[in-house]
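Asker: Dumping the structure here so I can ask a few things about it.
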Amino acid sequence: ETGVTQSPTHLIKTRGQQVTLRCSSQSGHNTVSWYQQALGQGPQFIFQYYREEENGRGNFPPRFSGLQFPNYSSELNVNALELDDSALYLCASSLYRSSTDTQYFGPGTRLTVL
Amino acid sequence: GQQVMQIPQYQHVQEGEDFTTYCNSSTTLSNIQWYKQRPGGHPVFLIQLVKSGEVKKQKRLTFQFGEAKKNSSLHITATQTTDVGTYFCAGRKSSSNTGKLIFGQGTTLQVKP
């Protein structure tokens, strides 16, 4: 076990709604990255948070936003949900912001948009 | 944009046979990480390779990083049913100052007992 936790484990929403996913990083880690994994695909980088600021963003629209809190936990918010947002959302925690830090993934939140 | 390609997409082997998955990047990577994801699970970190030409072993698993730091491979000797899952490589661009990992599409391994 990595010590990275995510909530909720599963979520069903309808198109147009908003959703907030939560992640608690591993003890001692100060960086959280969020990924979207569609069925049968590899995880796609959404963004990373370091010291409560966004540090890098993937090819996702602005309706995907996030926060990091002083205790390094993080939230991913998605507005105006679309059917294609159905996926497994993974957060990964790591120590510091370097090119060789290892990212440890949480169990993920399975989001279904109807 | 940068792409990380992984082949094959699927591999079915008889228990005891060897297995290899290959990862190729369109750009030079600063490092590459390998993950294993069991069905219904999440990616679990296996190893990180940083140096050009690096080879690392974990029991029956051998990981290689190419000399040009643009390709990598994972080889499993004498597969077991516990090796079933999807293996992902994930790389970082050399010029990146973020933790962004670019994942390959993964290779799904099935092992017949």
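The values are calculated or read from the model by the stated rules, or taken from the named source; none is laboratory data. Being a predicted model, the structure only gives us computed values, none of them experimental. Because the Cβ atoms are built from the backbone with ideal geometry, glycine has one as well, and the counts that use them run over all protein chains shown. For accessibility, only protein heavy atoms count, side chains too; no ligands or nucleic acids. Shrake-Rupley method; radii C 1.70, N 1.55, O 1.52, S 1.80 Å.
Asker: To the nearest 20 Debye, how big is the dipole of chain B about its Cα centre, given +1 on the beta carbon of each Lys and Arg and -1 on that of each Asp and Glu?
Answerer: On the way: 13 positive and 6 negative charges, 81 e Å.
Dipole of chain B, to the nearest 20 debye: 380 debye.
Asker: Then there is this: In Å, the Kirkwood hydrodynamic radius of the stretch A:64-114 over pairs of distinct alpha carbons?
Answerer: After inverting the pairwise mean of 1/r, the radius is 12.8 Å.
Asker: Still on this structure, please answer the following. Rounded, prolate or oblate for the stretch B:40-93? Axes are the square roots of the Cα gyration tensor eigenvalues, ordered a ≥ b ≥ c, and the cut-off for rounded is a/c under 1.5.
Answerer: The shape class here is oblate.
Asker: Now, a different point. Just which residues of the stretch A:30-76 lose 50 Å² or more accessible area with every protein chain there, against their chain alone, with the probe set to 1.4 Å?
Answerer: The answer is A:43, A:45.
Asker: Please report the orientation-averaged projected area of the stretch B:1-55, defined via the convex hull of its C-alpha atoms, in nm².
Answerer: Computing the convex hull of the Cα atoms and averaging its projections yields 5.3 nm².
Asker: Right, something else. Can you list residues from other chains, or at least 5 along the same chain, whose modelled amide H is less than 5 Å from the amide H of residue B:31?
Answerer: B:92
Asker: With a point put 7 Å past each Cα toward its Cβ, work out how far residue B:112 is from residue A:39 in nm, to one decimal.
Answerer: Those two pseudo-labels are separated by 2.6 nm.
Asker: From the phi angles alone, apply the Karplus equation (6.51, -1.76, 1.60; θ = phi - 60°) to the stretch A:4-11 and give each ³J(HN,Hα) in whole Hz, x where the residue is Gly or Pro.
Answerer: 8, 10, 9, 9, x, 7, 9, 8
Asker: To the nearest 0.05, what FRET efficiency results for residue B:55 and residue A:96 with a Förster distance of 45 Å applied to their C-beta separation?
Answerer: It comes out at approximately 0.95.
Asker: Residues of the stretch B:33-52 losing 40 Å² or more of accessible area relative to the isolated chain, 1.4 Å probe, heavy atoms only?
Answerer: B:42, B:43, B:45
Asker: Something else now. Using a 1.4 Å probe on the protein heavy atoms, what percent of the accessible area of the stretch A:1-51 belongs to carbon and sulfur?
Answerer: Within the stretch A:1-51, the accessible surface is 45 percent carbon and sulfur.
Asker: Turning to a different aspect of this structure: I need the calculated FRET efficiency for the pair residue A:57 and residue B:62, taking r as the beta carbon distance and R₀ as 41 Å, to the nearest 0.05.
Answerer: Details: r = 35 Å, r/R0 = 0.86.
After rounding to 0.05, the efficiency reads 0.70.
Asker: Give me a single rounded figure for A:100-109: the average over its residues of other chain Cβ atoms within 10 Å of their Cβ.
Answerer: Neighbouring Cβ atoms belonging to other protein chains average 5 per residue here.
Asker: Lys and Arg at +1, Asp and Glu at -1: add these up for the other residues within a Cβ distance under 12 Å of residue B:26 and post the number.
Answerer: Neighbourhood net charge equals +2.
Asker: Taking the Cα centre of chain A as origin and charging only Cβ (+1 Lys, Arg; -1 Asp, Glu), how large is the dipole, in debye to the nearest 20?
Answerer: Numbers: 8 positive and 9 negative charges, 30 e Å.
The calculated dipole for chain A is roughly 140 debye.
Asker: Given 0.36 nm per residue, what is the gain on full extension from residue B:82 to residue B:9 after removing their alpha carbon distance, in nm?
Answerer: Fully extending the segment from residue B:82 to residue B:9 adds 24.4 nm.
Asker: How do the peptides A:9-21, B:57-69 rank, highest first, by the average count of neighbouring beta carbon atoms within 10 Å per residue?
Answerer: Answer by packing, highest mean first, reads B:57-69, A:9-21.
Asker: Then there is this: Calculate the dipole size of the protein assembly as shown relative to its Cα centre from +1 charges on Lys and Arg beta carbons and -1 charges on Asp and Glu beta carbons; express the result in debye to the nearest 20.
Answerer: 200 debye
Asker: Same structure again: Show me you know the interface measure: the accessible area buried between B and A, both chains summed, probe 1.4 Å, in Å² to the nearest 100.
Answerer: Numbers: alone 6170 and 6240 Å², together 10750 Å².
Using a 1.4 Å probe, the pair buries roughly 1700 Å².
Asker: Still on this structure, please answer the following. When the scattering of chain A is computed by the Debye formula from its Cα atoms alone, each counted once and equally, what is log10 I(q)/I(0) at q = 0.15, 0.23 Å⁻¹?
Answerer: Log10 of I(q)/I(0), two decimals: -0.58, -1.34.
Asker: With a cut-off of 8 Å between alpha carbons and a minimum separation of six or more residues, what is the relative contact order of chain A in percent?
Answerer: Working: 300 pairs, mean separation 42.2, N = 114.
After rounding, I find 37 percent.
Asker: Okay, next question. Ratio of Rg to Rh for chain B, alpha carbon only, Kirkwood?
Answerer: So for chain B, dividing Rg by the Kirkwood Rh gives 0.97.
Asker: How are the alpha carbon pair distances in the protein assembly as shown distributed across 5 Å bins from zero to the largest one, expressed in percent?
Answerer: 1, 7, 15, 18, 19, 17, 12, 7, 3, 1, 0
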